[in-house]
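Shown next, in structure tokens, is the structure this report addresses.
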Amino acid sequence: AFHNLGGIDRSVRVFALPAVHLQDLRVASQLDERYQDADLTLTVGLENPGPAAANDLHIALALMGPDGQDTVRATCQVAVEPLPAGTKTVDIFTHIDEPLKWNAEHPHLYSAVVELRQGDQLLQRVARNVGFRCLEIKDRALLVNGVPVKLAGACHHETDPLTGRADTMRHAEEDIRLLKEANLNYVRTSHYPPTLELVEAADKYGMYLEVEAPFCWVAPQDDLLPLREVLVPTTAMVDYYHSHPSVVIWSLGNESHFNRF
């Protein structure tokens with residue numbers, strides 16, 4: 001599991017944003033008690049670097065089904081008053097009747113498209129995949145959408161016989177597809193968080209994931225000083241991967257000792 005880090009071994013994306021833009025987007029879906037209907041919540045963070053206030057802003061949501069057809073459209077007015085300099089959080093709620101559910105056998109994915117507009121001008125458009133699924137632990141069993149599942153899986157390292165640990169995102173979809181063909185339904189991303197390409201492939205093909213924390217062998221002392229070094233990367237990991245339906249388990253740190261907490 002040990003390897004030295006040197007240079008950039010994953011894809012890098014650089015993009016420009018408008019002055020007023022979506023700073024953050026969190027997607028959460030909740031099934032009802034019958035695992036039939038769902039509530040979709042989008043928490044949108046807006047940023048206006050200012051100092052001028054932004055006027056006539058609104059957010060539009062379109063949800064497309066797995067067949068590419070519109071499922072729902074909703075519009076949320078950001079603020080009656082102009083958006084001042086700084087940040088603002090807006091929640092968008094919408095109810096979905098009988099959406100197709102996501103699991104490893106039937107990985108139905110919806111596409112949520114969020115648009116930030118100022119008047120008739122489109123400022124920004126962001127798309128996210130959405131999988132409607134519910135995780136529960138009952139009687140020591142893992143339930144997905146109310147159905148007990150058994151995890152049959154393996155650990156996964158990002159490595160290539162020719163390029164080593166660089167450029168492994170090229171193999172992400174192939175790796176997930178081959179693991180599915182081997183009749184596995186679960187992957188542990190040992191011993192670090194995976195590439196975005198691998199998680200998106202797991203969403204697409206139907207693979208349960210444990211996302212491994214970005215550290216190993218942590219042994220906190222009595223003074224708890226290392227706790228911040230543990231919590232900061234862990235919260236960043238959850239924030240980055242939280243909306244993917246394939247993620248069913250979060251790692252707390254491989255071979256670490258937290259019994260003092």
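The values are calculated or read from the model by the stated rules, or taken from the named source; none is laboratory data. Note that the structure is a prediction, hence the values are computed from the model and not measured. Note that we place each Cβ from the backbone using ideal geometry, even for glycine, and neighbour counts take in every protein chain shown. Areas reflect the complete protein model, heavy atoms only, side chains present, ligands, DNA and RNA absent. Shrake-Rupley method; radii C 1.70, N 1.55, O 1.52, S 1.80 Å.
The set of residues from region 70-112 being open to solvent by 50 Å² or more (accessible area, probe 1.4 Å), modelled with pLDDT under 85 and not in a strand (DSSP E or B) comprises V80, E81, P82, P84, A85.
Can you tell me which residue is most open to solvent (accessible area, probe 1.4 Å) among those in region 7-33 that are over 25 Å from I59 (Cβ atoms) and touching a helix residue (DSSP H, G or I) at 6+ places or on another chain (Cβ under 9 Å)? Per the stated criteria, the residue is R10.
Would you pick out the residues in region 164-183 that are over 30 Å from L63 (Cα atoms), loosely packed, with under 12 Cβ neighbours inside 10 Å and not hydrophobic (A, V, I, L, M, F, W, C)? Once the filter is applied, which keeps residues that are over 30 Å from L63 (Cα atoms), loosely packed, with under 12 Cβ neighbours inside 10 Å and not hydrophobic (A, V, I, L, M, F, W, C), region 164-183 yields E181, N183. Quick check, is P161 surrounded by 14 or more Cβ atoms within 10 Å (Cβ to Cβ) and either free of Cβ contacts under 8 Å to residues at least 40 places away in the same chain or within 24 Å of V238 (Cβ to Cβ) (or both)? Here the answer is no, as P161 does not meet what is asked. Which one is farthest from the chain's Cα centre (by Cα), of the residues in region 133-158 that are buried (at least 16 other Cβ atoms within 10 Å of the Cβ) and assigned to a loop (DSSP other than H, G, I, E, B)? Filtering first and then ranking leaves V149.
All conditions in (1) closer than 23 Å to M169 by Cβ; (2) over 19 Å from the mean Cα position of the chain (by Cα); (3) assigned to a strand (DSSP E or B) hold for E47, with the sole exception of (1). Of all residues being within 13 Å of the chain's Cα centre (by Cα) and either open to solvent by less than 20 Å² (accessible area, probe 1.4 Å) or at pLDDT 95 or above (or both) in region 113-131, which is nearest to D32 (Cα to Cα)? Just the residue, please. The residue in question is G131. Scanning region 159-178 for residues that are more than 21 Å from the chain's Cα centre (by Cα) and either within 21 Å of N254 (Cβ to Cβ) or not β-branched (V, I, T) (or both) gives T159, D160, P161, L162, G164, R165, A166, D167, L178. The condition of being among the small types (G, A, S), open to solvent by 60 Å² or more (accessible area, probe 1.4 Å) and either on the phi < 0 side of the Ramachandran plot or modelled with pLDDT under 90 (or both) does not hold for A62.
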